[in-house]
Structure formats: structure tokens, C-alpha cells
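Worksheet: one structure, shown below.
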């Protein structure tokens, strides 16, 4: 359970940056920071890549229930990890923090606040936030852990 501080840090950073973005940025008006990166406020009532964003509103509660279920599973998994499973613990803590960060948005606003905009020319990756980044990094760590675990099992 010592890894829950990572979850808390992700949650605080995510919520603080979303509040700043929501109060300082104008909807869909990019502010270029460096080439290929801008801050652009957007609201996403759907999931990743705006999946179900154009649904009639039921998706909010679907994603709330789904996130609560996944969060319970992640928390239980995190509690059961052994002392040497640091990479898995970090991955789960990151994913849990990101999931809770986006859950807070869905409950409070009915949508997720996104503001990080990566682009090349006229092509833009869907806007995202700190929570999304933590979930992505955590998922990549889990995949890495799975591959390294398979290699270790094959060689040992």
C-alpha cells in the first residue's frame, strides 16, 4: 500500500492542472507552447479518443460505474502485490490515480477536462490530460512487466 502516494500525486496534479486549464484557457483556442505542442481546452463526455462522446448522456454513468469497478479491482490487485513487485505497483498506482482523476471530472462536471494538444501540421492527436498520461504510462509499464516476466520465466 506504500504506492498509494503515487495515486495521490497523480490525482492532485491532474485536478490542479484541469482547474487551471478550465479557468485560464478558452474552449478550443490553442496556445502554442513549443512546436507540435499546445494547450487547448476541450471537454470530453466520452472515453479515450472521444469514444461515445456523441451519445445522449447515458455514457456518463456507464463510465462512472465502469471506473468504480476497475478502481476496486486495481486497488485489490495493488494490495496483494509482494514486496519485490515495484514496477507492477507503480503501474497500478499510476492507472488508479488517472482513473480516479477522470472519475472526479465525470461526477463533478459530466465530462472530462482535456487540455494537452500534440499535433503535426493540421493533424492533432486527441486532446488529453495528466490522468490520461498516467493511465498510458501505467499500462505501458504493465506491458513491459509482462514481457520481462515472460523472459525471466523462460530463462529461469
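The values are calculated or read from the model by the stated rules, or taken from the named source; none is laboratory data. Source: prediction; values computed, not measured. Note: ideal-geometry Cβ built from the backbone for every residue, glycine included; neighbour counts use all protein chains shown.
Structure data summary
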{"item": "Matching residues, the stretch 21-49, being modelled with pLDDT of 95 or more, within 24 Å of residue 138 (Cα to Cα) and in a helix (DSSP H, G or I)", "result": "21"}
{"item": "Residues of the stretch 88-112 that turn out to be surrounded by 24 or more Cβ atoms within 10 Å (Cβ to Cβ) and under 9 Å from residue 14 (Cβ atoms), as a count", "result": "4"}
{"item": "Filter result (part of a loop (DSSP other than H, G, I, E, B) and closer than 17 Å to residue 97 by Cβ) within the stretch 58-85", "result": "81"}
{"item": "Residue in the stretch 114-135 that is part of a helix (DSSP H, G or I) and either more than 16 Å from the chain's Cα centre (by Cα) or within 20 Å of residue 79 (Cβ to Cβ) (or both) present", "result": "yes"}
